[in-house]
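One structure is given below, encoded as C-alpha cells.
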Amino acid sequence: MKYPITEAYIAAMRLEFGPNKAAEEAHQAIIPVVNAAYAAGLRGEGGYYPLDEDEELRAFAEASGRPLERILANRLLPLMARWVNAAYAQGQQDAQECLS
C-alpha cells in the first residue's frame, strides 16, 4: 500500500466493492490515524507507536463498557491496529531508504 493514503484509496474501494456508506465512513475515520502513524514513522517518533494491540483492545473495552470477548469477536479493532502499525513500519522503512 502507498502511504500516505489519499482520496484515491476510497475511490479504488468504491470501484472494487461498490458504494458502501458504512465502509466509507469507517475509512474516513481511520485514514487520518493511519496517515499520522506513517508520518510518525517517517519522523522516527517512538513512544505511542507501534500500537500494543492487546493494550488498545483493553482500553477500548474499558472506554466503551463492552466486554473484551465481544470486541475480540468483532475483529475490526485488531485489524485497524495492525493497519496503523503497518503504516508506522512503512514510514520507518521509507525514512531509512531516503537515508541510504
Under 9 Å by Cβ, and 6 or more places apart or on different chains, what pairs join a residue from segment 6-19 that is in a helix (DSSP H, G or I) with one that is among the polar types (S, T, N, Q)? Ile10/Gln28; Met13/Asn20; Arg14/Asn20
Looking at the structure I just gave you, is Arg82 open to solvent by 90 Å² or more (accessible area, probe 1.4 Å), of a type in the set (D, E, K, R) and touching a residue at least 24 places away in the same chain (Cβ under 8 Å)? yes
Here the residues within segment 7-63 that are among the polar types (S, T, N, Q) and open to solvent by 50 Å² or more (accessible area, probe 1.4 Å) are Asn20, Gln28
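So that you can scan it fast, the table gives a plain yes or no per residue for (1) more than 19 Å from the chain's Cα centre (by Cα); (2) modelled with pLDDT of 85 or more; (3) open to solvent by 80 Å² or more (accessible area, probe 1.4 Å); (4) basic (Lys, Arg):
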residue	(1), (2), (3), (4)
Gly65	yes, yes, no, no
Arg75	no, no, yes, yes
Ala87	no, yes, no, no
Asp94	no, yes, no, no
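The values are calculated or read from the model by the stated rules, or taken from the named source; none is laboratory data. As the structure is a prediction and not an experimental result, all values here were calculated from the model. Note that we place each Cβ from the backbone using ideal geometry, even for glycine, and neighbour counts take in every protein chain shown. SASA here: full protein model, heavy atoms, side chains in, ligands and nucleic acids out. Shrake-Rupley method; radii C 1.70, N 1.55, O 1.52, S 1.80 Å.
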